[in-house]
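Visitor: This is the structure I have questions about; it appears just below.
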Amino acid sequence: MKILLIEDNEMNRDMLMRRLHRRGYDVETAADGEEGIEAVLSLMPDLVLMDISLPKIDGLQATRILKNTEKTRHIPIIALTAHAMSGDRDRALDAGCEDYDTKPIDLDRLVRKIENRAQKVIDKTVLESKKELDTAVIFNRDELMERIEYDGELLTHILDLFQSHYPQLMIDIQQAIISESAASLQYSSHSLKGLLLEISAPCASIWAQQLEEVSRQGGIGEATHVYVQLKAAMAELNQVLSNEAF
Ligand code: MN
């Protein structure tokens with residue numbers, strides 16, 4: 001999971017970055033509100049840790065800007081403040097922060113909040129995928145044919161290519177789950193998703209996309225469950241494709 005830490009105090013920034021890094025997070029930093037907003041836009045992190053008192057643009061204002069920007073509004077923001085005053089929490093939540101924590105940082109507590117946010121993102125993805133799955137077809141032959149301008153020879157060729165490429169990707173995915181490698185799981189599920197979209201197999205592609213999403217969030221635990229669904233969808237797809245004339 002990629003976290004952007006926006007904090008102006010160099011020592012706090014460096015220390016928290018190292019501590020989070022040691023817990024396995026990929027951490028990038030920014031030193032003020034302006035730089036922070038630019039970093040969010042260019043890095044598109046999975047989560048932002050936002051110090052509230054920042055130079056140039058303060059944390060509350062930066063949060064409002066990010067939450068009013070289409071591209072970034074979905075990114076969870078956890079506010080960090082040194083003042084344990086009750087009003088800070090409300091102000092942070094009012095500005096659009098999803099959560100709030102106080103300094104000095106209790107790392108276990110902060111990690112719980114980070115994981116809690118990541119889980120909510122996964123839950124939302126699962127829910128959205130389920131909605132999509134209700135209407136998704138296994139193989140959309142018409143859509144594919146239209147895209148390849150009704151070239152029957154090309155259809156055979158594309159499906160042949162698919163048959164020769166996907167088994168290795170399924171092996172890579174399985175290996176990545178066993179070895180708990182989120183990065184390689186993300187890469188192989190992304191590749192499989194691309195292949196499935198190319199042949200117009202929406203149902204299986206939704207599962208591949210979900211696998212990509214959970215791996216992006218570092219959720220290897222969730223991955224096993226999604227992989228089972230993907231495998232079932234791939235079996236169904238193969239069944240349908242075997243009826244295509246080769
Ligand atoms: Mn500060």
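Read-outs throughout are calculated quantities, based only on the coordinates presented, and are distinct from any laboratory measurement. All figures in this text were calculated on a predicted structure; none of them were measured in a lab. Note: ideal-geometry Cβ built from the backbone for every residue, glycine included; neighbour counts use all protein chains shown.
Visitor: What three numbers, in Å, describe the spread of the alpha carbons of the range 171-232 along their principal axes, ordered from the longest?
Guide: 30, 20, 18
Visitor: Okay, next question. Given the options Gln217, Gln168, Gln209, which has the most mean-square fluctuation in a GNM of the chain, springs set between C-alpha atoms less than 10 angstrom apart?
Guide: Gln168
Visitor: Another question about this same structure. Given contacts defined as C-alpha pairs under 8 Å and at least six residues apart, what's the relative contact order of the chain, whole-number percent?
Guide: Working: 331 pairs, mean separation 34.2, N = 246.
Dividing the mean separation by the residue count of the chain yields 14 percent.
Visitor: May I pose another question? Once you've got the Cα coordinates, tell me which of Lys56/Lys124; Lys67/Lys231; Lys103/Lys131; Lys56/Lys131; Lys2/Lys131 are over 32 Å apart. Please list the in-between numbers first.
Guide: Values: Lys56/Lys124 34 Å; Lys67/Lys231 37 Å; Lys103/Lys131 40 Å; Lys56/Lys131 42 Å; Lys2/Lys131 27 Å.
Exceeds cut-off: Lys56/Lys124; Lys67/Lys231; Lys103/Lys131; Lys56/Lys131.
Visitor: Could you work out the equivalent-ellipsoid semi-axes for the range 1-87, taking the square root of 5 times each eigenvalue of the Cα gyration tensor, largest first, in whole Å? Can you show the working numbers first?
Guide: Details: eigenvalues 64, 55, 27 Å².
Each semi-axis is √(5λ); the values are 18, 17, 12 Å.
Visitor: Please give the helix 220-241 orientation as an angle from the longest Cα principal axis of the chain, in degrees from 0 to 90, rounded to the nearest 10.
Guide: Helix 220-241 sits roughly 20 degrees off the main axis of the chain.
Visitor: For the range 44-126, compute the orientation-averaged projected area of the C-alpha convex hull (one quarter of its surface), in nm². Write out the running numbers ahead of the final one.
Guide: Details: hull surface 22.6 nm².
Mean projected area for the range 44-126: 5.7 nm², to one decimal.
Visitor: In the range 55-141, with Lys and Arg counted as +1 and Asp and Glu as -1 at Cβ, which of these residues, Ile138, Cys97, Ile77, has the Cα nearest the positive end of the dipole, that is, farthest along it?
Guide: Ile138
Visitor: Step by step: find N for the chain, compute 2.2 N^0.38 Å, then divide the Cα radius of gyration by it. What's the final number?
Guide: Working: Rg = 21.7 Å, N = 246, 2.2 N^0.38 = 17.8 Å.
Here the answer is 1.22, to two decimals.
Visitor: Tell me which residues come under 5 Å, amide H to amide H, from Asp101 once H is placed; ignore anything under 5 positions away on its chain.
Guide: So Asp101 has HN proximity to Ala79, Leu80, Thr81.
Visitor: Which residue, Gly152, Gly33, Gly218, has the most motion in a Gaussian network model of the chain that connects Cα atoms within less than 10 Å?
Guide: Residue with maximal mean-square fluctuation among Gly152, Gly33, Gly218: Gly152.
Visitor: I've got another one for you. Cα centroid distance between the range 101-172 and the range 176-198, in Å?
Guide: Here the two parts' Cα centres lie 9 Å apart.
Visitor: Another question about this same structure. May I ask for the angle, rounded to the nearest 10°, between helix 86-95 and the longest principal axis of the chain, with both axes built from Cα atoms and the value confined to 0 to 90°?
Guide: 40 degrees
Visitor: Under a crude label model (7 Å from the Cα following the beta-carbon direction), how far is Ser184 from Arg147 in nanometres?
Guide: With each label placed 7 Å out from Cα toward Cβ, I get 2.9 nm.
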